[in-house]
Amino acid sequence: MIRAVLFDFDGTLADTLPLIYRSFREMWRGVDGRERTDEEILSLFGPPEEEIIRREVPEERLEASLEEYFSLYRKFHEEEVVQVPQVLQLLRDLKEKGCQVGVVTGKGRRSAEISLAKLEMVDLVDTLVTGSDVRRYKPHPEGIQRALSQLGCSPEEGIYVGDSPGDVRAGLAAGVGTVGARWFIGSDPRPFDPKPQLVAESLESFQDWLSLRG
């Protein structure tokens, strides 16, 4: 029986990847004037934003660049990210059925909390594990394992839903069921390898699959 449904955030619960690309691009434009493509930015994903910036920005520009990124992230959020009622309803339905809901994301806690608040998801999430909370980033299963422990669930009682190949690998390594989310246009375009148990092209197909698992 499924007792915990864990979600990635960016590209899974919200179509936030365009926001992230824009915020990084604007920040880096101010650092060195060079334009980064979406593909270049996507290739850096894994650690939280703070660590990405720390690796890519000269030390003397680090603090200013961090503050600039989060200022841009907050500023552009309403322009780039639309609240999706079907996602909110999915989370409500899961909780009404007795499932616990968790978010396990590679993004840092600061940006995760901004987005959860702006999209009115805070009260629908039972636990939040971010890239700021772990020592080993996805595809390592540490974040999923931590969320399961916080929810008091075994791997057999959980599933992990995410839009990237690293999400699926993390879920498989943690021993939970895996779902590849492809319901947003802006989801991670890279192919899943290995394959998850389900590649869901719509929220409805995910809900139908989940209902069969009890």
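Side notes on the structure shown:
- Options R36, R22, R29; residue that is in contact (Cβ under 8 Å) with a residue 24 or more places away in the chain and of a type in the set (D, E, K, R): R22
- Of residues in region 135-153 being more than 19 Å from D10 (Cβ to Cβ) and among the small types (G, A, S), the one farthest from the chain's Cα centre (by Cα): G152
- Taking (1) crowded, with 18+ Cβ neighbours inside 10 Å; (2) in contact (Cβ under 8 Å) with a residue 24 or more places away in the chain in turn, P191 satisfies each apart from (1).
- Only one entry of R74, R92, R25 meets the criterion of being among the charged types (D, E, K, R) and over 30 Å from L151 (Cβ atoms), and that entry is R25.
Any read-out appearing in this document is the output of simple, stated calculations on the displayed coordinates, not a laboratory observation. These numbers come from a predicted model, not from an experiment. Because the Cβ atoms are built from the backbone with ideal geometry, glycine has one as well, and the counts that use them run over all protein chains shown.
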